[in-house]
Amino acid sequence: MPVKLPEDPDEIRLVLASALTLRLKWIQPFREFPHEADEGPWAGRHLVMLHRTTSLLDRVKVAHGPAGPVTLLEVVGDTGVDVHLVLGEPGAPPGAVLSTGIQAATRARPSTGASLLPVGDPGPGLTIRTVPSASPRPCLSVSTPAFEVRAEHDLLDQARLFGLEAASDTRAGHFPGISSAPLAVGSARQSALARFHARGFEAVAVTALAMAVGAGPPRCRYRARHANVRFHRPFGFMAVHRTSRLVLAAGWVTDPSPYEEPDREYEEEYWE
């Protein structure tokens, strides 16, 4: 539990804790491969990159918010929960990008699918072209790094944002429905983890309040629309319940998973 106790534990009268755990598999898994980033803040780093293609162009959309255009990719899970990756313009504030993405993913802000977007570069990291093809079917190509995000938050650092400003005033009691003794929030902390990999997504968060005093060339007979979206610099993510549009987890990726060379010595010993 991430709760912080005072020097005198006897001052704590009650601990309220909640836990969220989420595990889902992609309906269509990604292919995983090592890649050295060649642009942006991750240039020169060897990363675990995930790639896949689909004919469903509208899995990627573009919304416009206060910080400019934002590209959203919807990755469908098998448990009624989907993960949306969100990319803004270089230099756009993460909070504004994530806020626009959340509004678009929950349908509070309009967005336009790639099937209706103009040819060119209509959104951050997104390119749309009409190309010679052996099939008339459209194609969406996705490239993103795998990531694991861990975070610890002291919610009282932003007490007003989390609705805890008045409740943390120890000069008075605020929870008469819980206890006849005067209670105030003395500590409010959260520990969170999210993983996005080739097969699925996992997230867990624990919040505690302490009450104190990813052959030859075919004959090209058609012209088809191809969209390519790349998440090759910091981006946001959110897990959204498909039916209610409730956001279950959200965060910002600044440090994707590094690629680690396999242990060749172990492999040789195994095969021997």
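The values are calculated or read from the model by the stated rules, or taken from the named source; none is laboratory data. Remember, predicted model here, so these are calculated numbers, not experimental data. Cβ sites come from the backbone with ideal geometry, for glycine too, and all protein chains shown count toward neighbours.
Table for the structure above
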{"item": "Single match in Gly177, Gly123 (criterion: out of contact with any helix residue (DSSP H, G or I) (no Cβ under 7 Å at 6 or more places or on another chain) and buried (at least 17 other Cβ atoms within 10 Å of the Cβ))", "result": "Gly123"}
{"item": "Checking Val229 against (1) assigned to a loop (DSSP other than H, G, I, E, B); (2) at pLDDT 95 or above, the condition it does not meet", "result": "(1)"}
{"item": "Qualifying residue in region 147-166 (condition: among the aromatic types (Phe, Trp, Tyr), under 26 Å from Leu248 (Cα atoms), within 24 Å of the chain's Cα centre (by Cα) and in a loop (DSSP other than H, G, I, E, B))", "result": "yes"}
{"item": "Residue match in region 204-211 (condition: modelled with pLDDT of 75 or more, within 27 Å of the chain's Cα centre (by Cα) and either surrounded by fewer than 19 Cβ atoms within 10 Å (Cβ to Cβ) or part of a helix (DSSP H, G or I) (or both))", "result": "yes"}
{"item": "Residue that is surrounded by the fewest Cβ atoms within 10 Å (Cβ to Cβ) [pool: residues in region 233-256 that are touching a strand residue (DSSP E or B) at 6+ places or on another chain (Cβ under 9 Å) and more than 22 Å from Pro124 (Cα to Cα)]", "result": "Leu246"}
{"item": "Qualifying residue in region 48-68 (condition: in contact with a His (Cβ under 9 Å, 6 or more places away or on another chain), assigned to a loop (DSSP other than H, G, I, E, B), surrounded by 13 or more Cβ atoms within 10 Å (Cβ to Cβ) and modelled with pLDDT under 95)", "result": "no"}
{"item": "Residue in region 259-271 that is among the hydrophobic types (A, V, I, L, M, F, W, C), at pLDDT below 95 and surrounded by 10 or more Cβ atoms within 10 Å (Cβ to Cβ) present", "result": "no"}
